[in-house]
Structures are given as C-alpha cells and as structure tokens.
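Data first, discussion second: the structure below is written as structure tokens.
The values are calculated or read from the model by the stated rules, or taken from the named source; none is laboratory data. Quick caveat, the model's predicted, so the values are computed rather than measured. So basically every Cβ, Gly included, is an ideal-geometry build from the backbone, and we count neighbours across all protein chains shown. Side chains included, ligands, DNA and RNA excluded: accessible areas come from the protein's heavy atoms. Shrake-Rupley method; radii C 1.70, N 1.55, O 1.52, S 1.80 Å.
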Amino acid sequence: MLALALTVALLQVRETAGVARVQEVVRSGIPLPRSLNVTSTASLAVTDANGVAVPAEFRVLARWNAGLNVGTAPIQWVLVAFPTSAAANSTTNYRLITDGSVANPAPPTPLRVTANGDRLTIDTGAAAFTLRANGMLFEEIRVNGAVVAGGGALTARVNGRDNVWASARRLTVEHSGPLSAAIIIDGTYDMPAVGGGGLASHRRYVFTAGSGTAIIEQSVSWEGDRGGTPNALRVEQVRDTIVGAVNVALDHESRYEPQAVLEGGVIDIAAGPVWLGARQGMFATFAVSVDGTAWAPLNHPLRAWPDAAWWAASDAVGEIPTGALPAQFAGYDVAVKQALTRTVSKTDELGVHGLMTFGLFPRLWGNPIYSDEIRCADTVTPQDSSDDLYWCTLWTDYHNAAATAPIWAMRSGETEWLDEIARPAALRMLHTQIFQCAPSDGYFYCGQAPAGYGGYRADFNSSHAYFDNLQLHYWLTGDSTVVETLKRGATSMRNYLCARRPAAACQPNDAPIDEYANLTGRVASQWSSVFRFVGLASDDASFLDDYRNNLARAVTQQYVGVDQNGTRYGFLLGGWRPVTAPGATTTDQIWMTALYDMNMLDRLRRDTDDAPIGNPPLRPSEVLLSLARSFERFASPAWPNQMDFTWSGARVGGTLVSVHDNGGGSDPYLYDTNRATLSGPIAHAAAQSGDPLLRALATTLTTRAIADSIANGSPLGKEQGEFLSRLHAAVANLAPPPTSPPTRRRAARR
C-alpha cells in the first residue's frame, strides 16, 4: 500500500481572559500555502491533540491570485470554526488537516437559521434569537421555548430629541453554517436630515452553536456634511434597550467611555455627548447573553492560531521572522514588543482613549523628545474642553503602524494584542476615519479615507488610506463590512485612475488623466493594495486586473532601468507624466519608493510567481533588484531624499550617464525613520540575489533601525510606523531559520 502523508497545521487556542471556557466556538481566519493546492473545503478538517476529529466549519475568504468563484484556484484564506474547551489561562492544541484524509463529525446540536417572512430566527441550541429589520435589538429571545427577553427600542438623542430607529435598508445573512452565523441589519433613525444626510445604523450579529450569547457590532453614522464650523453633528446619547432576563457587556468599556450598561437592559453605547464629523460614525461592540457568558468571549475571544513558521511559509501575509534570532538581530523582538507595550501604557497615562478616539493614534506622541500632538487650544468648540482630544489630536494609522500588532501575534502567538490594539484600530478606521455614506450618496470619497488629524476630518489628504491592518482584520474575522466599505471606495478610485474604466482595465501605455492620478507613490500603492484586496475578497474579481495592470502601467511609464559597467540600475519617478525621452531626470522620494511602491511590487511578485509586467515585459523581481542596487551604489551612505540622474538610449536597457544627490526641498536628506524603510526591500533583494554588497547594506540598515526604534521609545504612530513597517521583512530575510516548513507530516502508514 502506498505511504500516506498527512499535511497539517498546528493550531493553538490560548485562553487569555482568566476564565474557563466550555464548548465555546472559536472562529479564526487561517492562511493556506498555495503549494498545498487545496481548492475545496472538503479537503479540510480539524482534530484535537489526540487526532480525534471535532465538529468544524469552513468558509473560503480568498483564493490565490483569483476570484472567489474560481473553484480551481487554491484557497488562500479560510475562516475556520470549531468548539473548544479551555481552562483559565491555558493553551489547547488542535490540528488543521488539509489533504482530505479526515472527515469532521456533525455538531450534536447544529446552529440553524430559519426565515419566516421578514423574520430570521437563529437557534443555537442554547437559545433561539429572532431578528427583524425594525427598531429592536431582538424581537424575542427564547430558551427552551419560553420567551425570556425581547422588545425595547433603539434611540439616538440629538438636540434634545430622541430619534427612534425607523427605516430598514436591509436584513441579510452574511454567513450561516452548522457552528456559526453572522447577520447584518442596516437602517436609519427618524432624525430630520442635517447637512443633506440622516443618522444611520449598522448592526452585525454573530451567533455560535451551543451559546446563549450574541456578539453585536453596532455603528451609528451621520451621513451628512453641513460645512461651516463645526462641520459635525453633536449626538447627546445613543441607547439600545432590551426587556427581559439578559446579561449585557461592552467590549473594552473603560477605553471607549462615555459608555454604560444600566439596569433593565439599557445599553448606552454613547452615554454622553460626542461629535460626529462629516460622514462619520461611532461604534461599539457588545454582548447580549442569556447564559451569563458575555464578558470573556466579547473582550477576549478565543482564536485558533498557527505557529510562526506556518504564517511565514503561507506567503499570504508579509514576511515574518520565525524562530530564535541571532544576537545581531535579537533587538527586533525588543523593539516590536516595546512599541506595543508603550502604546497600551501611554494610552492610559496620557488619556488617549474615548468613544471617538480610542483605536487609532496621534501622529507624534509618547516621546519625551517631541511635543505630544494630543491637545491644543480648541478653536472649534471653545466652550467645551471635554472634546479637545477629538478636535485637536492628529489622528490616523500613520504608515500602517497598527499592522505591527497582528504581525507580532503571528510571530509570538500573543493573540491578546489583537484585542488591545489591532481590532480597535481596524474598527476605528472602518467606521470613523473612512467616509460613511448613504447608499444613494454619489460623493466620490465614500468608502475612502482622505482624512486624518483633528476630528479625523481636518487633513483632507488622500494619502491617509492606511488599510493594511483593516485588511488583516478581515482575513482574521471574515467581517464582510470591511469588503463592502472598501469596495465602494475602490470602485470610484479605479474609475478615476483609469480612463478605460468601468468598461475595461487600463493597458501599460495608458497615461494618467491628470496630475493627481499618479501611478507611483503612497496613494497609488495604497489603492493597488485595496484593488487586490477587493478582487480577492468580494464578488468582483475584476479589481485584480486593476491591481496588476496599474502596477504594469507604473513600471512602463515611471521606471527607468539602465546599465553602467554591466550592471542594471533602476530608478522610479514620481509625478504623472510618463517618461518619454532620455536626459536628466529626478527620482521620487527614495524612502516612499521603498515603503510603498517596492512593497506592492513584491506582493505582485509573490501573487503571480514573478510573471512579467509592462511594456517591455519585466519581472517584478528584476525591477526590485535594480532599485535596490541603485540605493546601494548611489544613495548610500549620504541618503538623499531624491536623486538626479542622466541617461541615454532606451528607457530599459539604455546607458546610465551620471547620478548625484538632488539636495533640494525642505528635507533634502533622509531622517533615521526614513532610512529604516529601506531595510526590508534591500534585505529581500540581497536574499534573492546573493549580492554581498546588498546584504551588508541591509544588515547596517536593519541593525540601525532596530536600535533607533528602541532608542526612540515612542508608541505606535508615525515614527514607529516607519521604523517597523519594513523591519519585519528585513529580519525575516537576513535571519531565516535553518528550516521553515509550512507543513508537518504524520508518520507514513503501509
């Protein structure tokens, strides 16, 4: 008989709340290496540490370089659900089987979703929850057939008037399986329009088999824009009520104050006045339970977590260091953990929390060398000092700093950082910084984030689309609100960036339509990332064409690859006018190229197996290596912000005549934060090429970035965003483990 090899991922379920869990369903997004070629969830199963199969449920979130409906493409992300029990502060081990050799049993009491007219009943086995698209959290909750709770109202007080939930937009089943279900209800309150928009409500319910607890994420958004000062709506209270015997808990309530849970089933998701800026929302996550298990699954949900080797070898996320690091790079762990720890401690010490502020970060804060950009003389509402934090602090997820938390969790297994940093940051970006719009609103920026800083609306700049952590949040949770929101923004943006849209994607030589429709730089790279995400996660895979083709346009129109002494050097330009002739040219900002453009080209390289792009066709790896060589040969060690160069002949394959520092502008040379961004792409180029000069430079940049991050000592924000965003890839390439197998194999049977 042929030997049978079983490919598995080891999964750890860590209990971090200090509370025993009994048959609680864990729901986790898990990446699958493309090399496994798993095309159907029928090949997947979960077993306990003894090899005994447990009930499990699987939902495909993405496929490799293809749309969700391409059943022949390997699965890239899958949402896995299964029941587990865990003692307080303990770890339980499971295995994800990927070769179809094991079948999961059905749960003893599967969850069932039943539609009856405009009602949905979700029977978990422990309780039956009935929902309608009306002004109640639940029409009723039954236990053993008896009604124990229901009714109540949803209200939002503005200008002393209690506006009630009045109009439904949709009630839809996001997902339904034998172990879990997610239901979405959207609607509006009866508040008269202000600034052309009303007050909207979005509720996403999650139910799990065997549980009497429902987890609800609710946002309330003002969909208007009144102009003037303040361009905001003052909401005095947002209250949900439910009548009956239930337990209620708010997620991280102390961080989101003013919030409160009162007697009699009253949930004040806004217990005091808050401002909603133009097209802006607030949010809260809470649990309603009939069996007393609300707090732990809400504040510390269980997760099934692979080890670092699996995360790294999956290739579905950025490069991640695995295993023990050599002394030269051991400070990496210190730097990352210090930034995360100080983010939490400085949040408490400096009071950077609140219903409209907790989640994202001030631009510069928590560093004694600089002034904290936290409060100011509030000129927006000078009569009220309690809202200064919201109006004055420079809020955004600068350079995707929050993504450090899930990346660290992948390396360390410390999933509690998802609860403390990553999830709050994702929801703040999703509901507050991104523009919230009514379905009929044709505003170009709906679903986009040309916003940041004071009140999240003071800096109307399209470069604030820092969505890396938000995308990771979707891959880990399957929250479809992320996909729907970003798809709306991506639709407008791709039509703007490509004159052929919406009919077709642009070709390599199609020029931008105006000076703001750039193909390189921060904004272009951010939206390339969104096009990729929406193409993978939504029902419209054509966004993948925009992802691939716009990068091909950038390489065709803004890249110069020319030779000197037998070596190819690469230069990436900024601006919007295509390169048409040789001569004297200036590069884009070096650090921005490294932090954004090179990162997206590397993602494309991995997605497409380094397929050539552009005209003439070039492999992304060729472009990346030539850019890294230019940095090593001409930018180091002075590190100008930009380089001037002169070339002759063809744009690709011509002759490099000269290169020198640009020396212009207010910042002619790179700061230590800027230099840190080059560590990842140069380390990767060194690993791919074996070039000792590139490796030496990458080592210098990486060790310097580690030391500078530690010495800087700030929490997550602009500075640590630059220090850390490409440091993970740098260390992963310079200090790879002896072996990093994506699989483990059971002894063969004969």
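Structure values in brief
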item	result
Residue, most open to solvent (accessible area, probe 1.4 Å), within segment 111-138, restricted to residues that are without any contact (Cβ under 8 Å) to a residue 60 or more places away in the chain, assigned to a loop (DSSP other than H, G, I, E, B) and closer than 17 Å to Gly187 by Cα	Asp118
Where a residue in segment 535-556 is within 17 Å of Pro502 (Cα to Cα) and among the polar types (S, T, N, Q) and its partner, wherever it lies, is open to solvent by 10 Å² or more (accessible area, probe 1.4 Å) and not in a helix (DSSP H, G or I), with Cβ under 8 Å and at least six apart	Ser538/Leu68; Ser542/Ala505; Asn549/Ala505; Asn549/Gln507; Asn549/Pro508; Asn550/Leu519
Cross-chain or 6+ apart pairs with Cβ under 6 Å, segment 28-55 first and touching a residue at least 40 places away in the same chain (Cβ under 8 Å), then charged (D, E, K, R) and outside any strand (DSSP E or B)	Ser28/Arg303
Among residues of segment 26-52, those that are over 19 Å from the mean Cα position of the chain (by Cα) and open to solvent by 30 Å² or more (accessible area, probe 1.4 Å), counted	14
Breaking point among (1) within 19 Å of Val482 (Cβ to Cβ); (2) out of contact with any Gly (no Cβ under 9 Å at 6 or more places or on another chain); (3) part of a helix (DSSP H, G or I), for Arg411	(1)
Ala537 vs. criteria touching a strand residue (DSSP E or B) at 6+ places or on another chain (Cβ under 7 Å) and under 14 Å from Thr485 (Cα atoms)	yes
So Asp419, is it in a helix (DSSP H, G or I), free of Cβ contacts under 8 Å to residues at least 24 places away in the same chain and surrounded by fewer than 22 Cβ atoms within 10 Å (Cβ to Cβ)	no
Test: residue in segment 435-453 that is surrounded by fewer than 24 Cβ atoms within 10 Å (Cβ to Cβ), closer than 30 Å to Asn299 by Cβ, in contact with a Cys (Cβ under 8 Å, 6 or more places away or on another chain) and not charged (D, E, K, R)	yes
Output for segment 320-364, where each listed residue is open to solvent by 10 Å² or more (accessible area, probe 1.4 Å) and touching an Asp or Glu at 6+ places or on another chain (Cβ under 6 Å)	Val344, Arg363, Leu364
Residues of segment 250-298 satisfying the condition of being polar (S, T, N, Q) and either buried (at least 19 other Cβ atoms within 10 Å of the Cβ) or under 28 Å from Phe460 (Cα atoms) (or both)	Gln259, Gln280, Thr285, Ser289, Thr293
Spans of helices (runs of 4 or more DSSP H) in segment 282-350 with at least 1 residues under 20 Å from Ser725 (Cβ atoms) and either basic (Lys, Arg) or touching a residue at least 60 places away in the same chain (Cβ under 8 Å) (or both)	308-314, 331-349
Residue that is touching an Asp or Glu at 6+ places or on another chain (Cβ under 7 Å) and either free of Cβ contacts under 8 Å to residues at least 12 places away in the same chain or not polar (S, T, N, Q) (or both), where the choices are Trp639, Trp576, Trp591	Trp576
Qualifying residue in segment 48-69 (condition: at pLDDT 95 or above, closer than 30 Å to Ser538 by Cβ and of a type in the set (Asp, Glu))	yes
Answer from Phe571, Phe531 - the residue that is at pLDDT 95 or above, closer than 30 Å to Glu174 by Cβ and among the hydrophobic types (A, V, I, L, M, F, W, C)	Phe531
Among (1) open to solvent by 20 Å² or more (accessible area, probe 1.4 Å); (2) assigned to a strand (DSSP E or B); (3) more than 19 Å from Ala245 (Cβ to Cβ) - the single one Val102 does not satisfy	(2)
Sole residue being assigned to a strand (DSSP E or B) and either among the aromatic types (Phe, Trp, Tyr) or more than 33 Å from the chain's Cα centre (by Cα) (or both), chosen from Gly150, Gly187	Gly150
Checklist (1) within 24 Å of Asp691 (Cα to Cα); (2) free of Cβ contacts under 8 Å to residues at least 12 places away in the same chain applied to Asp602, failing item	(2)
Close pairs from segment 74-96: first within 19 Å of Leu476 (Cβ to Cβ) and free of Cβ contacts under 8 Å to residues at least 60 places away in the same chain, partner buried (at least 22 other Cβ atoms within 10 Å of the Cβ) and among the polar types (S, T, N, Q), Cβ under 9 Å, at least 6 apart	none
Where a residue in segment 664-676 is within 23 Å of Ile710 (Cβ to Cβ) and its partner, wherever it lies, is surrounded by 13 or more Cβ atoms within 10 Å (Cβ to Cβ) and among the small types (Gly, Ala, Ser), with Cβ under 6 Å and at least six apart	Ala676/Ala705
Check on Thr84, over 23 Å from Leu32 (Cβ atoms), surrounded by 16 or more Cβ atoms within 10 Å (Cβ to Cβ) and hydroxyl-bearing (Ser, Thr, Tyr)	no
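Residue by residue, here is whether (1) of a type in the set (Val, Ile, Thr); (2) without any contact (Cβ under 8 Å) to a residue 60 or more places away in the chain holds:
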{"site": "Gly151", "(1), (2)": "no, no"}
{"site": "Arg157", "(1), (2)": "no, no"}
{"site": "Arg161", "(1), (2)": "no, yes"}
{"site": "Trp165", "(1), (2)": "no, yes"}
{"site": "Arg170", "(1), (2)": "no, yes"}
{"site": "Val173", "(1), (2)": "yes, no"}
{"site": "Pro178", "(1), (2)": "no, no"}
{"site": "Met191", "(1), (2)": "no, yes"}
